[in-house]
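Enquirer: After the structure tokens below, expect a handful of questions from me.
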Amino acid sequence: MILLNPGPVNVSDRVRQALLKPDICHRESEFNDLIEDIRDKLVRAFAPGGNFVPILLTGSGTAAVEAAVTSCLPPGRRILVIKNGVYSQRISAIANAHKMQNMDISFEWDQRVENEPIEVALRQNKAIQVVAVVHHETSTGMLNPVKEIGAIAKKAGRFLLVDSVSSLGGEEIDFNSYNVGLIAGSSGKCIQGFPGVGFVLVRRDLMEQMVTYEQRSVYLHLPTYYKQQEEGAIPFTPAVQLYYAFDEALNELLEEGVTNRIARYRKLARLIRNRMRAIRMKFYLREPLWSSTLTAFTLPEGVFYDHLHDLLRERGYVIYAGQAQLAESIFRVANMGALTEVNITGFLDAFEEMLPEAQKLGEERVKEMERLTGERKEKEEREKAEAEAAKKAEEEAARLAKEKALAEAEAKASGKEKDADKLSIAEGKPEVKTGA
Ligand SMILES: Cc1ncc(COP(=O)(O)O)c(C=O)c1O
């Protein structure tokens, strides 16, 4: 199966084979060596300047992001979250869950983040210490302007926390010149390992400060990992075999070179975009906002995601649905992982081939939906008319009953009057006569 979802990705046989290395105990020196190797390779790949500390933990990308968010602030200081998609919403949700008094600035999901509101927020809120941003918003395929946001934060004396879960290895980023304080990544996307190992690279001086901050989490407290990993240990039981595979994936990355990998991904993305444009598929974002590894397309009128997905899956390709507010309107095609041009061309051929079938299925579904809607409307109208008739009949019955009751009361009253008259005559009371 060719995976065109943004992780888990297809891995090479070499990475898969690494899972079969010998069983080891994570408290033995072999595992310590493995940890050291991985940390060294992460630094060589992404932070060659040497002033970033890599922290490894077992967990998905969210674990790495949550560890970064919950470890980066002392009490009383705030995190500013730049929100323009599912994953930045998640940062905000994490901060909320830990009662961190985050401040959020929201932007449209299909528009570039604006500088001014960020500048204003930083000027007006002295308690903000960290600006959190997602590098590649995987929910839309938007590459956020992290370099610019980093410069704004630097001017205001703050630093960035970057969710780079779907971009490390797939997009350019220079931690120092982008003013990165912490950056979270994961094994299962552009690094082309299996999911399950998360990591955070932390600027060394910040790491030293973070050691003094109050602990918010047991499993996700970065200083706990830092202290032990600096001594060649790891605090909790790691997913040992996944670390082997991650190490092999990092070997591949370093052999290919990060710059070359980015170039390969861009080439694959171009292939997808050019062919999709040629068959008039509509892009969700404008071109300057595109990442190198994922493209979001608007679902064509009358075409449904599940049809596209199922028809492509039958042909050996997995695409991805939209999330949250975009669940019904877009589909996504990622090009991360051990993919070749042949894989992508095969996908594009399959896409073109199945599209008419998806359109036909869509038409049938639309007709069926219209038929069902018509039936439902008819039923609703019938029920409404019946209800109205029943209501009228009820009102009429009530009116008649009221009239009858009134007549009976009147009859009763006049009967009583007559009796009273009779009685007054019998008692010798003068008869009251009316009229002349
Ligand atoms: C940008 C970004 N952040 C965080 C995550 C969460 O990662 P995970 O699903 O591995 O927890 C993802 C997953 O796709 C992502 O794309």
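Enquirer: How many angstrom lie between the C-alpha centres of the range 317-395 and the range 9-74?
Expert: 42 Å
Enquirer: Oh, and also: Give me a comma-separated list of calculated 3J(HN,Hα) values for the range 182-196, in order, Karplus coefficients 6.51, -1.76, 1.60 applied at θ = phi - 60°, integers in Hz, x for any Gly or Pro.
Expert: 9, 9, 9, x, 8, 6, x, 10, 6, 7, 6, x, 7, x, x
Enquirer: Further, regarding this structure: Give me the number: length gained by fully extending residue 233 to residue 28, i.e. 0.36 nm times residue separation minus the C-alpha to C-alpha distance, one decimal in nm.
Expert: 72.9 nm
Enquirer: Filter the cross-link list 99/227; 41/189; 189/267; 126/155; 126/154 down to pairs whose alpha-carbon distance in this structure exceeds 20 Å. Walk me through the numbers before you get to the answer.
Expert: Working: 99/227 26 Å; 41/189 16 Å; 189/267 17 Å; 126/155 13 Å; 126/154 14 Å.
From 99/227; 41/189; 189/267; 126/155; 126/154, over 20 Å: 99/227.
Enquirer: Using a Förster distance of 51 Å, how high is the FRET efficiency between residue 390 and residue 280, based on the Cβ-Cβ distance and rounded to 0.05?
Expert: The calculated FRET efficiency here is 0.45.
Enquirer: Which residues among the range 296-339 fall inside the zone where the amide N is under 19 Å from a point 7 Å beyond the Cα of residue 255, along Cα→Cβ?
Expert: Within reach of a label on residue 255: 337-339.
Enquirer: Rank 191, 210, 177 by how far each Cα sits towards the positive end of the charge dipole of the range 12-257 (+1 on Lys, Arg Cβ; -1 on Asp, Glu Cβ) and give me just the farthest.
Expert: The one lying farthest along the dipole's positive direction is 210.
Enquirer: Then there's this: Mind checking the dipole of the range 241-368: about its Cα centre, +1 per Lys or Arg Cβ, -1 per Asp or Glu Cβ, Debye to the nearest 20? If you can, show how the numbers build up before the last one.
Expert: Numbers: 17 positive and 19 negative charges, 129 e Å.
For the range 241-368, the charge dipole is close to 620 debye.
Enquirer: Still on this model: Output ³J(HN,Hα) for the range 217-233: one whole-Hz value per residue in order, computed from phi by the Karplus curve 6.51 cos²θ - 1.76 cosθ + 1.60 with θ = phi - 60°, and x for Gly and Pro.
Expert: Per residue, the Karplus-derived 3J(HN,Hα) values read 9, 7, 7, 10, 7, 4, x, 4, 5, 4, 4, 6, 5, 5, 9, x, 10 Hz.
Enquirer: Place a +1 charge on the Cβ of each Lys and Arg in the chain and a -1 charge on the Cβ of each Asp and Glu, then give the dipole magnitude about the Cα centre in debye, rounded to the nearest 20.
Expert: 1000 debye
Enquirer: May I pose another question? How long is the gain from residue 154 to residue 413 if the chain were fully straight, where each residue apart is worth 0.36 nm and the alpha carbon distance is subtracted?
Expert: 83.8 nm
Enquirer: Next question. Check cross-link reach from residue 402 to the aspartates and glutamates: straight Cα distance under 18 Å, and skip same-chain residues fewer than eight apart.
Expert: Of all the aspartates and glutamates, those that pass the test against residue 402 - Cα under 18 Å, at least 8 places apart if same chain - are 394, 410.
Enquirer: Determine the percent antiparallel among the DSSP beta bridges restricted to the range 12-257, to the nearest 5.
Expert: If we restrict to bridges inside the range 12-257, about 45 percent are antiparallel.
Enquirer: Of all DSSP beta bridges in the range 143-235, what percent run antiparallel (nearest 5)?
Expert: The answer is about 50 percent antiparallel.
Enquirer: Between residue 270 and residue 400, what is the FRET efficiency for a Förster distance of 60 Å, r being their Cβ-Cβ separation, to the nearest 0.05?
Expert: Efficiency, from the Cβ-Cβ distance: 0.15.
Enquirer: So, one more: With axes computed from alpha carbons, what is the tilt in degrees of helix 305-314 against the longest principal axis of the chain, rounded to the nearest 10 within 0 to 90?
Expert: Tilt of helix 305-314: around 40 degrees.
Enquirer: Sorted by packing (mean other beta-carbon atoms within 10 Å per residue), highest first, where do 185-193, 228-236, 266-274 land?
Expert: Ranking the peptides 185-193, 228-236, 266-274 by packing returns 185-193, 266-274, 228-236.
Enquirer: Taking the Cα centre as origin and putting +1 on Lys and Arg beta-carbons and -1 on Asp and Glu beta-carbons, what dipole magnitude results for the range 12-257, to the nearest 20 debye? Intermediate results must be reported in sequence, preceding the final value.
Expert: On the way: 24 positive and 31 negative charges, 200 e Å.
The calculation lands at about 960 debye.
Enquirer: Provide the percentage of antiparallel DSSP beta bridges, counting only those with both residues in the chain; round to the nearest 5.
Expert: That works out to approximately 55 percent antiparallel.
Enquirer: Report, in degrees rounded to the nearest 10, the 0 to 90 angle that the Cα long axis of helix 61-71 makes with the longest principal axis of the chain.
Expert: Approximately 90 degrees, to the nearest 10.
Enquirer: Go through 402-408, 163-169 and give me the packing order, highest mean Cβ count within 10 Å leading.
Expert: Order by mean packing, descending: 163-169, 402-408.
Enquirer: Beta carbons within 10 angstrom, averaged per residue: use that to sort the peptides 132-140, 275-283, highest first.
Expert: By packing density, highest mean first, the sequence is 132-140, 275-283.
Only the coordinates and a few stated rules stand behind these numbers; no lab work does. Note that the coordinates shown come from a computational prediction; the quantities given were computed from them, not determined experimentally. A quick note on method: Cβ atoms are made from the backbone with ideal geometry, for glycine too, and the neighbour counts reach across all protein chains shown.
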